[in-house]
């Protein structure tokens, strides 16, 4: 439940009267403030759902600080705006220019403080997502938990690798759900999603490893022969560019690359098995 801090409705009304011909809607300053706090709390809850519970107290502290400082800032802004009327309200005759300059300087300072307060939202978004600071009170606990997670991940990777080497498939692997097994190489496509090495090469290396082919010579041959078939290119972005320049269809090109890799893998596996 969001925790709100008081908004000075009286100052908000005076500020409105000093700067506008329209009437102040009672409670509008409080409503606007509470909407901003609601959005901050929604952000905090979203972040808490993504991170370890050990970070929840820190997120709660940050969002409460945001709500408190925002109320202080908005109240000060209204006090500043109420110091003197705008020229539209008072008219140009004997307008106190020096006093107006001081008011504008105070406004600038207030807006600068508001910008700093808004950065608390970025801090909320980053809690539990980055590194661990040495002066963090929970540094040891966080490091221990992170190490445990990495050790668990390493154990899972070893078990999956051992299963694949033994069975030549991930079907039935107890460490992976069928959905996880299906998505294991999903990020290889599109040159690792960044136009880098073509996915048929990286996926092909995964398959060759599962077939027990690990020698540098064989792996090098696989990559070299695909490159030779495409003017020395192995990067996705270069292969697609060359295909487009020839007027080729992207899907047909990629399907052809897959067939090419499968044929080459079958050949390398067959040669390897015949030598046993």
Next item on the list: Assess whether residue 220 counts as being farther than 24 Å from residue 162 by Cβ, within 32 Å of the chain's Cα centre (by Cα) and outside any loop (DSSP other than H, G, I, E, B).
Entry: no
Checklist line | Criterion (in a helix (DSSP H, G or I), out of contact with any helix residue (DSSP H, G or I) (no Cβ under 8 Å at 6 or more places or on another chain), over 18 Å from residue 44 (Cβ atoms) and at pLDDT 70 or above) met by exactly one of 156, 61 | finding: 156
Next item on the list: Among the residues of segment 238-261, write down those that are assigned to a helix (DSSP H, G or I) and either touching a strand residue (DSSP E or B) at 6+ places or on another chain (Cβ under 9 Å) or over 18 Å from residue 193 (Cβ atoms) (or both).
Entry: 242, 243, 244, 245, 252, 255, 256, 259, 260, 261
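Residue check: is residue 165 modelled with pLDDT of 85 or more, out of contact with any strand residue (DSSP E or B) (no Cβ under 7 Å at 6 or more places or on another chain) and assigned to a helix (DSSP H, G or I)?
no
Every residue, every condition in (1) at pLDDT 90 or above; (2) exposed (fewer than 10 other Cβ atoms within 10 Å of the Cβ), yes or no:
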residue: 89; (1), (2): no, no
residue: 103; (1), (2): no, no
residue: 113; (1), (2): yes, no
residue: 118; (1), (2): yes, no
residue: 121; (1), (2): yes, no
residue: 130; (1), (2): no, yes
residue: 134; (1), (2): no, yes
residue: 137; (1), (2): no, yes
residue: 146; (1), (2): no, no
Check: Considering segment 218-237 alone, what residues qualify as being surrounded by 14 or more Cβ atoms within 10 Å (Cβ to Cβ), farther than 29 Å from residue 169 by Cβ and out of contact with any strand residue (DSSP E or B) (no Cβ under 8 Å at 6 or more places or on another chain)?
Finding: 230, 233, 237
Next item on the list: Collect the residues in segment 21-36 that are assigned to a loop (DSSP other than H, G, I, E, B) and surrounded by 13 or more Cβ atoms within 10 Å (Cβ to Cβ), keeping them in residue-number order.
Entry: 24
Margin query: Among the listed residues 39, 76, 45, identify the single one that is over 22 Å from residue 128 (Cβ atoms) and either part of a helix (DSSP H, G or I) or in contact with a strand residue (DSSP E or B) (Cβ under 8 Å, 6 or more places away or on another chain) (or both).
Written below: 76
Checklist line | Residue check for residue 245: within 35 Å of the chain's Cα centre (by Cα), exposed (fewer than 12 other Cβ atoms within 10 Å of the Cβ), over 23 Å from residue 170 (Cα atoms) and modelled with pLDDT of 90 or more | finding: yes
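So how many residues does segment 168-217 have that are out of contact with any strand residue (DSSP E or B) (no Cβ under 8 Å at 6 or more places or on another chain) and not in a loop (DSSP other than H, G, I, E, B)?
28
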Note to self: When you scan segment 194-209, do you find a residue that is at pLDDT below 90, within 24 Å of residue 246 (Cβ to Cβ) and surrounded by fewer than 16 Cβ atoms within 10 Å (Cβ to Cβ), even just one?
What the structure shows: yes
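The values are calculated or read from the model by the stated rules, or taken from the named source; none is laboratory data. Quick caveat, the model's predicted, so the values are computed rather than measured. All Cβ positions, even for glycine, are placed from backbone atoms using ideal geometry, and neighbour counts span all protein chains on display.
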